[in-house]
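J.: One structure, pasted below without further comment.
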Amino acid sequence: KKKSVNRKKKSKALSTHDLTDQLLKNDYFLDINPRNLRRLINIIALTGRLLRAYHIDFNWRILSSWIYLVEQWPYRCSWLVMYYDENADEFGDESTLNDVYMKIKNQIPVTNEPLLELDRNPRKFEQFLMNSQPTLTVMVLKKILPCTSNLDPYLIKLIKGNRSLNLNF
């Protein structure tokens, strides 16, 4: 019984260390105010618990990068998810989310779209996808998306609706 308790403590300490290391060393987390940082950590912890409940192996660094991406750019992430769902056969598990983004980048409206206001700086989004370590892949999307609580599925529905309206004109 003691061994299992010790293992839990060890894995929890390692995961906390990984998360702290990610937050301290990553430039993308430096411009977050304390309130948003607390929100981010709570979302990461909740998502981690959900992944563990479903016995899904994950890495805290990857999880925190994914959560940060979704939290800062929900509109663009919704486009990524939507495009991947519609074109999953185009991508292997090792394809990066940047590869997916490059396929849809020109389809995402840059003006006259109120939902764009949900996102932060679009250049930072592109930089994050290109340079994030560890690299976010399609495998990450497939594993973590079902437990992602901070991405509103209604956004994808709105994007699909707006896209079909624009195609009809």
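The values are calculated or read from the model by the stated rules, or taken from the named source; none is laboratory data. Every value quoted in this text rests on a predicted model; they were computed, and no experiment measured them. Virtual Cβ from ideal backbone geometry, glycine too; neighbours counted across all protein chains shown. Remember, those area values only see protein heavy atoms, side chains included, never the ligands or the DNA or RNA. Shrake-Rupley method; radii C 1.70, N 1.55, O 1.52, S 1.80 Å.
J.: Between Y154 and S95, what is 0.36 nm times their sequence separation minus the Cα-Cα distance? Round to one decimal in nm.
T.: Taking 0.36 nm per residue and subtracting the Cα distance, the gain is 18.7 nm.
J.: Further question on the same structure: Once the other residues with Cβ under 13 Å from the Cβ of M102 are scored (Lys, Arg +1; Asp, Glu -1), what is the net sum?
T.: On the way: positive: R76, K103, K105; negative: E90, D99, E126.
Result for the neighbourhood of M102: 0.
J.: For segment 71-169, what relative contact order do you get, as a whole percent, if you take Cα pairs closer than 8 Å and at least 6 residues apart?
T.: With pairs under 8 Å counted, the relative contact order is 44 percent.
J.: What translational D, rounded to a whole number of µm²/s, comes out for segment 98-148 from Stokes-Einstein when the hydrodynamic radius is the Kirkwood one over Cα pairs, at 37 °C and 0.692 mPa s?
T.: Result for D is 261 µm²/s.
J.: Now for a different question. To the nearest 10 square angstrom, how much accessible area does L118 have with a 1.4 angstrom probe?
T.: Number for this one is 80 Å².
J.: Then there is this: Run the simple label-point estimate for N131 and E117 please: 7 Å along Cα→C-beta, distance reported in nm.
T.: Placing both labels 7 Å beyond Cα along the Cβ direction yields 3.0 nm.
J.: Here's another thing I want to ask about it. Under the 0.36 nm per residue contour assumption, what length would be gained going from the current alpha-carbon distance of H55 and N106 to full extension?
T.: Length gained between H55 and N106: 14.6 nm.
J.: Mind pulling up the Rg/Rh value for segment 55-102? Radius of gyration and Kirkwood radius, both on Cα.
T.: Using only Cα positions, Rg/Rh for segment 55-102 is 0.98.
J.: Hey, what D do you get for segment 81-169 in µm²/s if you plug the Kirkwood alpha-carbon radius into Stokes-Einstein at 37 °C and 0.692 mPa s?
T.: Stokes-Einstein gives a translational diffusion coefficient of 228 µm²/s.
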